[in-house]
1. Is it the case that A:Asp224 is under 21 Å from A:Glu284 (Cα atoms), modelled with pLDDT of 95 or more and acidic (Asp, Glu)?
2. Could you look through the range B:81-117, keep only residues that are aliphatic (A, V, I, L, M) and away from chain A (no Cβ under 14 Å), and pick out the one that is surrounded by the fewest Cβ atoms within 10 Å (Cβ to Cβ)?
3. Take the range A:344-371 and flag every residue that is over 19 Å from the mean Cα position of the chain (by Cα) and of a type in the set (Gly, Ala, Ser).
4. Restricting to the range A:341-384, name every residue that is charged (D, E, K, R), more than 21 Å from B:Gly258 (Cα to Cα) and facing chain B (nearest Cβ under 7 Å).
5. Can you confirm whether A:Asn286 is within 11 Å of chain B (Cβ to nearest Cβ), surrounded by 24 or more Cβ atoms within 10 Å (Cβ to Cβ), in a helix (DSSP H, G or I) and not small (Gly, Ala, Ser)?
6. Do we find that B:Lys419 is out of contact with any helix residue (DSSP H, G or I) (no Cβ under 7 Å at 6 or more places or on another chain) and closer than 23 Å to A:Leu107 by Cβ in this structure?
7. Say we look at the range A:392-401 and pick out the residues that are among the hydroxyl-bearing types (Ser, Thr, Tyr) and either assigned to a helix (DSSP H, G or I) or buried (at least 18 other Cβ atoms within 10 Å of the Cβ) (or both); which of these is nearest to the other protein chains (Cβ to nearest Cβ)?
8. I'd like the residue in the range B:291-336 that is within 7 Å of chain A (Cβ to nearest Cβ) and not aromatic (Phe, Trp, Tyr) and, out of all such residues, is farthest from B:Thr69 (Cα to Cα).
Protein chains: 2
Amino acid sequence: MHRFRSIVPRLSRSSRFRALPISTRQFSIPSNAVPLPEDSSGLLCARGGDLYHVEFEIIEPVFKIIDTTLREGEQFATTFFTTEDKRVIAQMLDDLGVEYIEVMNPLASAQTAKDCEIISSMGLKAKIASHVRCNMVDVKEAINRGITVIHMYMATSPALKKFSHGKNLREIIEAAKEAITYCKERNVEVRFSCEDTFRSDLADLLEIYSTLSEFGVDRIGLADTVGVASPLQVLDTVRRIARVVTCEIGYHTHNDTGCCIANALLALQGGVTHIDTSVLGIGERNGITPLGGFLARMYTYNAGYKSMIIERYNLRVLKPLEEYVSHCAGVDIPFNNYVTGWSAFTHKAGVHSKAVLQNPSSYEVICPDDFGVSRDIKLAHRLTGWNAVGERSTQLGLDLSESSIKEAAKFIKTLADTKKVDLEMLDKALQNVGGGRPVNYGIQG
Amino acid sequence: MHRFRSIVPRLSRSSRFRALPISTRQFSIPSNAVPLPEDSSGLLCARGGDLYHVEFEIIEPVFKIIDTTLREGEQFATTFFTTEDKRVIAQMLDDLGVEYIEVMNPLASAQTAKDCEIISSMGLKAKIASHVRCNMVDVKEAINRGITVIHMYMATSPALKKFSHGKNLREIIEAAKEAITYCKERNVEVRFSCEDTFRSDLADLLEIYSTLSEFGVDRIGLADTVGVASPLQVLDTVRRIARVVTCEIGYHTHNDTGCCIANALLALQGGVTHIDTSVLGIGERNGITPLGGFLARMYTYNAGYKSMIIERYNLRVLKPLEEYVSHCAGVDIPFNNYVTGWSAFTHKAGVHSKAVLQNPSSYEVICPDDFGVSRDIKLAHRLTGWNAVGERSTQLGLDLSESSIKEAAKFIKTLADTKKVDLEMLDKALQNVGGGRPVNYGIQG
């Protein structure tokens, strides 16, 4: 058995680290502890080769949302946003309360350039950012179109350096510095992102980000462009980078391996300040962090976050916004979509239904009403229970004995073994055992 | 600025901890380190109240899949599996290679009981487990129906103890012991799960799990029944529990807050051995860890896992299996579904298309061919680039100059500003700038 100890490294941004009261235990050093180095944050290998450990400081997430439906979302397979589509989506995003709206590179096409001007002049509360390549042509064009936040990117992974721009580390930094200088001279907020961050060399990342932070970039961006980063890799990488910069940090992640929402939270816990989202998650391939799912995650982080999310964002805009974007993109909202999917608040098993009928928080961590959606308790199927059926009889105003309720439940379970049954059949069964009293079918089951 | 050090606590199951070679750095203790206690694994509060840290051992995930489409999936809002549906799904799951197939409690209905017997007697390689309440009536009925693996559950969260069974800690343990004894006497594998684990009291969990592990239960189960656990909470809770048991550990998680796949990986990294999945993730509310997404996550964990996943599972069964289940459940496969969603391998932006045409791994971490699905590179839209258009001209066998290609690209971008364009239009544009040579429209774009 190997033991070892470690220390938390010096943090360059301690003011951003806030306490969550987890433990008040007393400390003592065991005599057989094995020391770890001062720079031992992150993944560490144990001596002896049979285990290793990870050590992290966790910070209370502080975040702003950069919604990129109008940029990453336009890169989704079937989207073709008209100018009117863009105006409506931007307005709804602003109504919901996202802090940034990212739009296309105006050089994408002539109409795209005009659209950048139109969105920029809508007078929204949200800042409008344009996502451009890290070169002067793109940056100048965006600023000329009225853009006040520049999001530049350049690939730094070996695969993309080779197959994309072909520049070396020094050339990347110089290109970024030139563009940053241009932006800062014009009071334009500027972010620089290393594309494919999590397949890039960590030493390269640290050099680029620390150099640009010192140079005065407002924000650096970490991008899991291919959606491959594992959760602890995100936390570890973010923390290492957060230690060498003093600027804001953005995080953008694709969902190829299903970790985008969890990884966004871990990025925040590691020191990231801005999260990229899109409506329904639409973007290249199977998309990025969905706005609704991210809100659901932060809403449930703890009671304080729940209050903050409800206060800061107009959550009831989410569903119509998703419906509008799904229409523009020509896709259906997935049945299992976060919060707004039609099955998200459906309860079926007898034990679940019984408990939810008494107290929704038994099996719900989000109050559907906060998002303007509704609950659906399925009672008519073979997995139903007599307690749930009894609650239905109460809803119908029937005064049935336990044995009558059990008889109705047994009848519906037997019937449901042979075919799909519906609420009307259950109500009929209850009515029959109840002696033929009228049933109000208008009541929601 | 606060500094502190800590040690990795003694592990009760060190044989399961394997090394990943991350670092070979030398160790030293800084003079101003603040000590942490011997039992300091997991979340720790710093002295001074301005930060805290987390320390974990991470193990190389070792896992078996318990697919519960025929149990959790039957609890999905619209599912009604006929006996034939169940036989087909069980056979396909077995063909794919999942290690366990979980079915309903035979007491759910008469036909369900018959179906348990039928699935159990199919002679599948996978073990057939039945998910029952922790009581002797349910356990006996399942074993009488030929079931050889019992998955029992009982709620332990304050909310569910009150609104579900009403038992106290001692009564829960006694009920479990009686059922475990019954199973072990009949050579039946048995798992006990605390429902709503992550809203349960940790002291209760440690007492229940350690007691039952010592008593001889084959596997304990951790269940994020309401989908609320945050990633580090999962890792921390799993590690604390793994330290006090010697049995296998299962993990089951709902996706209400979008973390089910990431949390499954973190659970494995903390010491869990079995992961519950369902096809398309169908289950109560918006479902649980999807089988396809979980496979995608483990396939991309590293090169070794990729080989192992390809060798162990017949990945090409995934898509027809999902199609069958989506048909049974009456739902469409979401456009953005992991691996098999129609957009999962679609590339659109010019820079992406150019790179993927040269080397797919530029923007893909999964080889679609391993799952029997195909790539789609969208070239005809206003975000296209002249490099990508040039690749298309090569596919068509056209020998165009750079200026001709740029002319065609400009034409299609301008056209695409006003309406949706398609590949045929792009090909026509290339043909026109190329002098009217014939185009083979059969080539895939």
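The values are calculated or read from the model by the stated rules, or taken from the named source; none is laboratory data. A quick note: this is a predicted structure, and the numbers were derived from the prediction, not measured. All Cβ positions, glycine included, derive from the backbone under ideal geometry; neighbour counts span all protein chains shown.
1. Details: under 21 Å from A:Glu284 (Cα atoms): yes; modelled with pLDDT of 95 or more: yes; acidic (Asp, Glu): yes.
So A:Asp224 passes the test.
2. Residues of the range B:81-117 that are aliphatic (A, V, I, L, M), as a first pass: B:88-90, B:92-93, B:96, B:98, B:101, B:103-104, B:107-108, B:110, B:113.
Add one more test, that the residue is away from chain A (no Cβ under 14 Å), and what stays is B:88-90, B:92-93, B:96, B:98, B:101.
On the way: B:Val88: 16, B:Ile89: 22, B:Ala90: 24, B:Met92: 21, B:Leu93: 25, B:Leu96: 22, B:Val98: 28, B:Ile101: 28.
Step by step, filter the range B:81-117, then rank; the result is B:Val88.
3. A:Ala349, A:Gly350, A:Ser353, A:Ala355, A:Ser361, A:Ser362
4. A:Lys378, A:Arg382
5. Working: within 11 Å of chain B (Cβ to nearest Cβ): yes; surrounded by 24 or more Cβ atoms within 10 Å (Cβ to Cβ): yes; in a helix (DSSP H, G or I): no; not small (Gly, Ala, Ser): yes.
No: the conditions fail for A:Asn286.
6. Values: out of contact with any helix residue (DSSP H, G or I) (no Cβ under 7 Å at 6 or more places or on another chain): yes; closer than 23 Å to A:Leu107 by Cβ: yes.
In short, yes.
7. Taking the range A:392-401 as the starting set, the residues that turn out to be among the hydroxyl-bearing types (Ser, Thr, Tyr) are A:393-394, A:401.
From the residues that got through so far, the ones that are either assigned to a helix (DSSP H, G or I) or buried (at least 18 other Cβ atoms within 10 Å of the Cβ) (or both) too are A:393-394.
On the way: A:Ser393: 19, A:Thr394: 16 Å.
The qualifying residue nearest to the other protein chains (Cβ to nearest Cβ) is A:Thr394.
8. Taking the range B:291-336 and keeping what is within 7 Å of chain A (Cβ to nearest Cβ), we get B:293, B:296-297, B:300-301, B:331-332, B:334-336.
Okay, now just the ones that are also not aromatic (Phe, Trp, Tyr), so B:293, B:296-297, B:300, B:331-332, B:334, B:336.
Details: B:Gly293: 14, B:Ala296: 18, B:Arg297: 19, B:Thr300: 24, B:Val331: 14, B:Asp332: 16, B:Pro334: 17, B:Asn336: 20 Å.
Step by step, filter the range B:291-336, then rank; the result is B:Thr300.
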